[in-house]
1. Just one of Leu362, Leu376 is within 30 Å of Glu202 (Cβ to Cβ) and either of a type in the set (Gly, Ala, Ser) or not in a helix (DSSP H, G or I) (or both); which is it?
2. Cβ contacts < 7 Å: first residue farther than 17 Å from Ser175 by Cα, restricted to region 387-405; second residue among the acidic types (Asp, Glu) and surrounded by fewer than 15 Cβ atoms within 10 Å (Cβ to Cβ), any location; separation 6+ or different chain. Result?
3. Does region 414-442 hold any residues that are surrounded by fewer than 17 Cβ atoms within 10 Å (Cβ to Cβ) and without any contact (Cβ under 8 Å) to a residue 40 or more places away in the chain, and which are they?
4. Which of the numbered conditions does Glu83 fail, given that it passes all the others? Conditions: (1) touching a helix residue (DSSP H, G or I) at 6+ places or on another chain (Cβ under 9 Å); (2) modelled with pLDDT of 95 or more; (3) of a type in the set (Asp, Glu).
5. Conditions first: (1) in contact with a Lys or Arg (Cβ under 7 Å, 6 or more places away or on another chain); (2) surrounded by fewer than 17 Cβ atoms within 10 Å (Cβ to Cβ). Leu32 passes all but one, so which condition is the exception?
6. Considering only residues of region 325-375 that are among the hydroxyl-bearing types (Ser, Thr, Tyr) and more than 20 Å from Ile300 (Cβ to Cβ), which is surrounded by the most Cβ atoms within 10 Å (Cβ to Cβ)?
7. Please enumerate the residues belonging to region 39-89 that are in contact (Cβ under 8 Å) with a residue 60 or more places away in the chain and among the hydroxyl-bearing types (Ser, Thr, Tyr).
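The values are calculated or read from the model by the stated rules, or taken from the named source; none is laboratory data. Source: prediction; values computed, not measured. Heads up, the Cβs are rebuilt from the backbone with ideal geometry, glycines too, and the neighbour counts pull from every protein chain shown.
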Amino acid sequence: MSTKDTIVAKATADAMAAIGIIRISGQNALSLAKEIFTSKEIKGDIEARRMYLGQVSTKNFKDKAFCVYYKAPHSYTGEDVIEFQAHGGKTLLDGIFRELVSKGARPAEPGEFTKRAYLNGKVDLASAEGICDMISADSEAEIMQAYRLMQGELSKTITASIEKLTEAVAGLEASLDYPEELEEDTRPESLLLIKEVKKDLEKTYASSKNRRYITDGINISLCGLTNVGKSSLMNAILNDDRAIVTDVAGTTRDVLKETFMIDGIKVNLVDTAGIRESSDNIEQIGIKKAKEAIKGADVILFVMDTSIEETDEEKALYNTLDKQKTIRVANKGDILKFPRNADILIEAETGKNIEKLMDLILEKINVKNITSKGTLTRERHIFAIQKAIEFLDNAIAVYDKTTIDCILIDLKGALRRLADITGEDVDESIVDKVFSKFCVGK
């Protein structure tokens, strides 16, 4: 794959739509555009950053289209870029694409446009990964975090740490050359900088504990005895009849999982079999799966039937749960006979107080704290920061016990790990792996 080639790709989804975009990047982008695009609006040279309405001509058909020229280096890739906005038929766009390939453009590899932006200094590697995450996001929370990454929040933090650490290294290296004049002053100053960088990195690393909530969602399990209204509650939360509801105890025998959104965060809601002693083999399997789902939940909704008296079995089941992540939900408030010590009273059949229950869930998982701050979500970044912290720990531990040469080995190791994140000093195979996860045309 040569970066000197002029590349072309469809930049919109490979499906029928009102508009479809063909993108070209490289030194021959403008000349290729002139070969297939004409417009009465063009008087002399095509002006950069102006949209022209005209005609795209291929071997077999023509189409009305818009054309925009972005002149290097003021473009996404840092190269000359042309974008055609044509009608969004798949066959039509394929035809334009083939015409450009026949005239010398090369089909772009996945992520090649953004890779060229990285190679031309338009974005660093972490920001490029943010672009990829924006495209692949499944929830609004993922989009928010991807936007922060794309906008360079992590890169700014890492760059600041690199600058401080570089200053510490420079001071120590200078004291090697002039030990009598500088070591007494620079050694304590460098230690302060190293500790400051370590503190900053530890704060950034700590944000990774919430990454599963952003990338995979929050797991909520409904728990309770049989026939307390767990399936009715699931249907009420989803506002849809997803679970079968009957008066027969033990109707739900398997784990039923559905996904919805709360304040932009994906929530995986799991309806489980009612937990009780049973001789039915199939129901026993469902109860086993229910216990596994409850154990792995971030929030447990313990549902109680207030139309019947609390039993020892209900008390015993509640005592097996993690109280820190459990919300006690008293159900069947419309036929209340035996009140419970509950966090909320609801009516799953009518939907009463379901919104208040959602508020309780938000409070339990502290959604605002998760979405309002930057969170490390990529394993590559987490690993690099973790290793950088380990190098700094080693340097601090032996700082007053060893030579400056030995300290510098750890400090430079930390610098290499941090540079991996922004792509300033990273192996080409890592760069290739990052961009291989992009879609074609981005």
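1. Leu376
2. Ile389/Glu202
3. Residues satisfying the conditions are Arg416, Asp425, Asp427, Glu428, Ser429, Asp432, Lys433.
4. Answer for Glu83: the failing condition is (1).
5. It is condition (2) that Leu32 fails.
6. Here is the first cut: in region 325-375, the ones among the hydroxyl-bearing types (Ser, Thr, Tyr) are 326, 350, 371-372, 375.
After this cut, where a residue has to be more than 20 Å from Ile300 (Cβ to Cβ) as well, the list is 350, 371-372, 375.
Values: Thr350: 12, Thr371: 18, Ser372: 10, Thr375: 25.
The selected residue is Thr375.
7. none
Conditions (1) of a type outside the set (Ser, Thr, Tyr); (2) closer than 25 Å to Leu362 by Cβ; (3) modelled with pLDDT of 90 or more, marked per residue:
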{"position": "Asp240", "(1), (2), (3)": "yes, yes, no"}
{"position": "Ile244", "(1), (2), (3)": "yes, no, no"}
{"position": "Asp263", "(1), (2), (3)": "yes, yes, no"}
{"position": "Lys291", "(1), (2), (3)": "yes, no, no"}
{"position": "Asn341", "(1), (2), (3)": "yes, yes, yes"}
{"position": "Ile346", "(1), (2), (3)": "yes, yes, yes"}
